[in-house]
Amino acid sequence: ILLFLMATLNVVGQEGVQQRFFTSENGLKISWVNSITKGPNNSITLVHSPKFYFARYDGINFDYAISPSGIIGKTYEDFSGNFWSIDEGNLDNVNFYSNNKWQDLEFEVGIPFMPIPGIGNKLLFIKDGSLNEYDKSKQQTRIIKRSKESQIGRFIDMTRFHDGSVWITGEYGIAKYLNQSDDSKEQWIDFQVPKEFGLYHFNKPFEGENGELTLMSKSDKSNHNVLVGFDGKMWEKLYTSLTD
């Protein structure tokens, strides 16, 4: 009986979670990291302060590229392997990294921003209540959608999904945007939250494990924060903060 119990205990035992920690002693130039973003090929881009180095991590090595002379902010990698970086204190100057060198692209940008999924040399950003697109090849900016043309109110935040779509949050709901490609037209779909949920000001969206949208909102009754989920059809309140 004792041997049987010992064998059973060995079977139900579970391994611990493996973790790795990186500092200036084992891979990083500086331990101070103020920005981390995920690239289209699951690579990670890091920006260091206060010297504003930036690195690309492929799961094995940290590849440090030449950093620009000025301040760089949150940095994203686009589908072509180029990097877009914006200093939030100077929104008319975009740092663009391509072919092993930095360029200053002088155009008025907005926050938040991100490269268009599945396409290189194009940047999406929200500015003055509109969703805009900057085309590096044409050096032109166009307005994709004004908030007054949508049902979700003022645009607030956005995130990209693995399927190539972009989800935009607003005061009264969310919208799904699909960029025009060779075999499809540009699409925009509004999703308003049911009034009985009593939610507004949607922000901080991200893609869930099963392809659902998870995001933050406010309760119009208590002003508490509410974490909500949306699977494309149904809304669900996941958690409500205990205070405001």
Going residue by residue through the stretch 141-157, is there one that turns out to be under 29 Å from Asp220 (Cβ atoms) and free of Cβ contacts under 8 Å to residues at least 12 places away in the same chain?
yes
Need pairs with beta-carbon distance below 8 Å; first residue surrounded by fewer than 16 Cβ atoms within 10 Å (Cβ to Cβ) and within the stretch 170-186, second modelled with pLDDT under 85; sequence gap 6+ or separate chains.
Glu186/Gln180
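Are any residues in the stretch 174-185 out of contact with any strand residue (DSSP E or B) (no Cβ under 9 Å at 6 or more places or on another chain) and in a loop (DSSP other than H, G, I, E, B), and if so, which ones?
Scanning the stretch 174-185 gives Asp182, Asp183.
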Residue, nearest to Asn203 (Cα to Cα), within the stretch 82-111, restricted to residues that are open to solvent by less than 30 Å² (accessible area, probe 1.4 Å) and part of a loop (DSSP other than H, G, I, E, B)
Gly110
Yes or no: Lys233 more than 19 Å from Pro40 (Cβ to Cβ), at pLDDT 90 or above and not in a strand (DSSP E or B)?
yes
Answer residue from the stretch 118-139, given it is closer than 25 Å to Ser150 by Cα and at pLDDT below 90 and is surrounded by the most Cβ atoms within 10 Å (Cβ to Cβ) among those:
Ile119
The stretch 206-225 - residue that is more than 30 Å from Phe79 (Cα to Cα) and outside any loop (DSSP other than H, G, I, E, B) and, of those, nearest to the chain's Cα centre (by Cα):
Ser217
Checked the stretch 212-244 for anything surrounded by fewer than 12 Cβ atoms within 10 Å (Cβ to Cβ), small (Gly, Ala, Ser) and more than 21 Å from Phe155 (Cβ to Cβ); matches are none
Suppose the filter is under 22 Å from Pro117 (Cα atoms), part of a loop (DSSP other than H, G, I, E, B) and of a type outside the set (Asp, Glu); does Asn203 pass it?
no
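Considering the stretch 156-173 alone, what residues qualify as being over 15 Å from the mean Cα position of the chain (by Cα) and part of a strand (DSSP E or B)?
Answer for the stretch 156-173, where residues must be over 15 Å from the mean Cα position of the chain (by Cα) and part of a strand (DSSP E or B): Gly170, Gly173.
The values are calculated or read from the model by the stated rules, or taken from the named source; none is laboratory data. Note that this is a predicted model, so its numbers are computed, not measured. Glycine also receives a Cβ, built like all others from the backbone with ideal geometry; neighbour counts cover every protein chain displayed. Calculation scope for accessible area: heavy atoms of the full protein, side chains included, ligands and nucleic acids excluded. Shrake-Rupley method; radii C 1.70, N 1.55, O 1.52, S 1.80 Å.
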